[in-house]
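A short write-up of the structure that comes next.
We did not get these values from a lab; they are worked out from the coordinates using the rules stated. Being a predicted model, the structure only gives us computed values, none of them experimental. Cβ coordinates were reconstructed from backbone atoms using ideal geometry, including for glycine residues, and neighbour counts include every protein chain displayed.
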Amino acid sequence: MRRRTLALALAAVMVAGLLGGCSSSGDSTDTTAAETTAAVAGSEETTAADSGDATEAAEADSTSEKVFRYSISTEPTTFDPNKCNSTGDNEIQHAITEGLVRNTAGEITPGIAETWEISDDGLTYTFHLREDAYWSDGVQITAQDFVYGWQRLMNPETASPYAFIGEYIKNGLAVETGEMEVSELGVTAEDDFTLVVELENPTSYFLSLIGSSGQFAPVRQDIVEEYGTEFAATADKNVYSGPYKLVSSENNEYIFEPNEYYWDADSINLDRVEITLVENTDTALALYESGELDYVAVPSAYVTQYTDTAYSWMNGNVGYILFNFDCDNAAIQNQNFRLAVNYALNRTEYNTLAHNSVYDAFTGLVFSGLTVGDSTYGETYDLDSYSYPVDGDQEKAQEYLTAALEELGLSDASEIEITLTITDSESVKKQGEVIQDLLQTALGITINLEQVTWAEMYAGVLDVGEYEMAVSNWSPDYDDPYTYLELFLGTGNYNYANYSNEEYDALLNATVTETDSTARMDLFNEAEQILLEEAAFVPLYRVNTWYLLDDDVTGLNFYFCSVNIDWVYVDIVS
């Protein structure tokens, strides 16, 4: 537990109202108001009495609750597992749902399925469910709950924003688009405890995917039908299959308690988890310093102040600038101009100015930490040999710019004017201003900034192609290069660049059926090289997340796919 100075104690009083006056973990006891009053009244008693009080206090402290508290900066979009569509949503689902298997920081362990078999061709998975798995209301979990949940995910009437994640299942895409009935989805309950899943193609990361993606959780049909559109709207309008259950979501504070019916309840250590909405990252840091939070991500502006106490990890998030290949700006359509931008940008300087050197300058799309055999993608493939220099190359940039001007019929770079769309947060505004300054200085072009809200960016800008260039980023859904590279697939759901290349599509499509793991990874790498050769985007950074963690917290896991912070097995130790 952190030792708190008087100043920090006073700060706690100042910010306590933000958390409803909650005490820090390990400080709360079962002492009643009357007992507290009596203790205060007796504070001037004899030494013997003081000794007795100390003993009682020690005994009370030994029964203190184990509570883990941290904050989030945006509200969960939903508690409906079939409709969650962000890492934040998924982190909550990871705690309140249990899938067939559980993915804990890349380690796959049995979940509701005790055992499973995979057919020789990799297309059929037969899961044998445990009979001691129950919902939080004591009802037994069956294979039919998975059938219903997965069918509901893919049913177009559900309108799940993440339905595409189920396209790996046989007939998944056809069901999602309404071409087939939901009953034709390749998931079948042979009996209450045997679930058969058929896939469209062999998918080596299937277990990893379903173990960390809340969309594949079981769902109770009777509960959905009881509450209709209000299903999962509040804590009491759902039942929970996972290690925790949501007990309250009032006043932007989300309270979780252990699910007493969870099949592996003995592995759960906490008495309660409290997650509070704190939009301002500076405020969240102050709450941690005052002892009101046990974990906090350190804003990049403050990382240098915490180098001796903070920890860091790479969360798989990569940032980049998108070009819109469908826009009317001729410069965007010109490959030499796009190459000029990529060679002109000094990514080291950009990350120093925009992110205080906290993030790593990066020149690729596929996160280097993805698993490739016994190694990683970054160790297997030499990004430096086929990408752009991290510090830029002004001579090459001018060569490409000169070629672009000639092809565009322009006499001077000042005639090129580009609009860069960014969200309206202060941090992203800073990124946009740095990009604007660096590119205008290096190339002599004009960059105009356009700010929109985060919601508008992903529902009205990128998704409908209403931009020329835009700052964006991506976090992986699973440990495989496909999760990044499908962003530029011609038929991809998130091909916001409107990029189209037949050779690229053919390479990605080939990875779907390629069973040799080495050959498959080589196909991915060849595809990434095409994107860089054509300057299909402008890579910027890969995220290094710095955080502070109370020293009495153990068992907190981090993962770069789907679930960044995994608190399921956290414990509070003295």
Item to check | Distance-filtered residues of the range 525-551 - backbone nitrogen under 15 Å, label point 7 angstrom along N201 Cα→Cβ | outcome: 525-528
Item to check | the range 121-209: GluC sites (Glu not before Pro) in DSSP loop, at most 12 other beta carbons within 10 Å | outcome: E157, E179, E181
Checklist entry - In degrees, nearest 10, range 0 to 90: what is the angle between the Cα axis of helix 143-154 and the longest Cα principal axis of the chain? => result 40 degrees
Checklist entry - Which one of L287, N238, V273 has its Cα pushed farthest toward the positive end of the charge dipole of the range 213-293, where Lys and Arg give +1 and Asp and Glu give -1 at the Cβ? => result N238
Checklist entry - Can you work out ³J(HN,Hα) from phi for every residue in the range 358-365, in order, using Karplus 6.51 cos²θ - 1.76 cosθ + 1.60 and θ = phi - 60°, giving whole Hz and x for Gly and Pro? => result 6, 7, 9, 4, 9, 10, x, 10
Checklist entry - Any idea what angle helix 87-96 forms with the longest principal axis of the chain, computed on alpha-carbon atoms, 0 to 90 degrees, nearest 10? => result 40 degrees
Checklist entry - Given the C-alpha centroids of the range 542-574 and the range 376-415, what is the distance between them in whole angstrom? => result 39 Å
Next on the checklist: If I take every Cα pair under 8 Å that is 6 or more residues apart in the chain, average their sequence separation and divide by the length, what percent do I get for the relative contact order?
Outcome noted: 18 percent
Checklist entry - Check T423: other-chain or 5+ apart residues with amide H under 5 Å from its amide H, H built from backbone geometry? => result V452
Next on the checklist: Spelling out what I want: for every residue of the range 218-225, take phi, set θ = phi - 60°, compute 6.51 cos²θ - 1.76 cosθ + 1.60 (Karplus), and round to whole Hz; glycine and proline get x.
Outcome noted: x, 9, 7, 4, 5, 6, 4, 5
Next on the checklist: Give the separation of the Cα centroids, the range 294-356 to the range 199-260, in Å.
Outcome noted: 34 Å
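What is the dipole size for the range 88-127, taken about its Cα centre, with +1 at each Lys and Arg Cβ and -1 at each Asp and Glu Cβ, in debye to the nearest 20?
Computed charge dipole of the range 88-127: roughly 120 debye.
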Next on the checklist: Once you keep just the Cα pairs under 8 angstrom separated by 6 or more residues, what percentage relative contact order results for the range 106-177?
Outcome noted: 17 percent
Checklist outcome for this item: For the chain, the dipole about the Cα centre with charges only on Cβ (Lys and Arg +1, Asp and Glu -1), to the nearest 20 debye, works out at 900 debye
Item to check | Eligible lysines near K66 by straight Cα distance, threshold 22 Å, same-chain separation 8 or greater | outcome: K245
Checklist outcome for this item: Among (1) 99, 32, 14; (2) 44, 33, 20; (3) 45, 35, 30, the value of semi-axes √(5λ) of the Cα gyration tensor in Å computed for this structure carries the label (2)
Item to check | Contour minus Cα-Cα distance for T307 and S73 (0.36 nm per residue) | outcome: 82.0 nm
Checklist entry - What distance in nm separates the simple spin-label points at S574 and T194, each placed 7 Å from Cα in the Cβ direction? => result 5.2 nm
Checklist entry - Helix 47-62 versus the longest principal axis of the chain: what is the Cα-based angle in degrees, 0 to 90, to the nearest 10? => result 40 degrees
Item to check | Using θ = phi - 60° and Karplus 6.51 cos²θ - 1.76 cosθ + 1.60, couplings along the range 106-111 (whole Hz; Gly, Pro as x) | outcome: x, 8, 8, 10, x, x
Checklist entry - Do the sum for the chain: with -39,500 (n - 2.57) for every DSSP H run of n ≥ 4, divided by all residues, what is the mean residue ellipticity at 222 nm, to the nearest 500 deg cm²/dmol? => result -9000 deg cm²/dmol
Item to check | Amide H contacts of T194 (H built 1.01 Å from N, under 5 Å, at least 5 apart or other chain) | outcome: L129, A143
Item to check | Amide H contacts of N259 (H built 1.01 Å from N, under 5 Å, at least 5 apart or other chain) | outcome: Y244, K245
Item to check | DSSP-defined beta bridges in the chain - what % are antiparallel, rounded to 5 | outcome: 75 percent
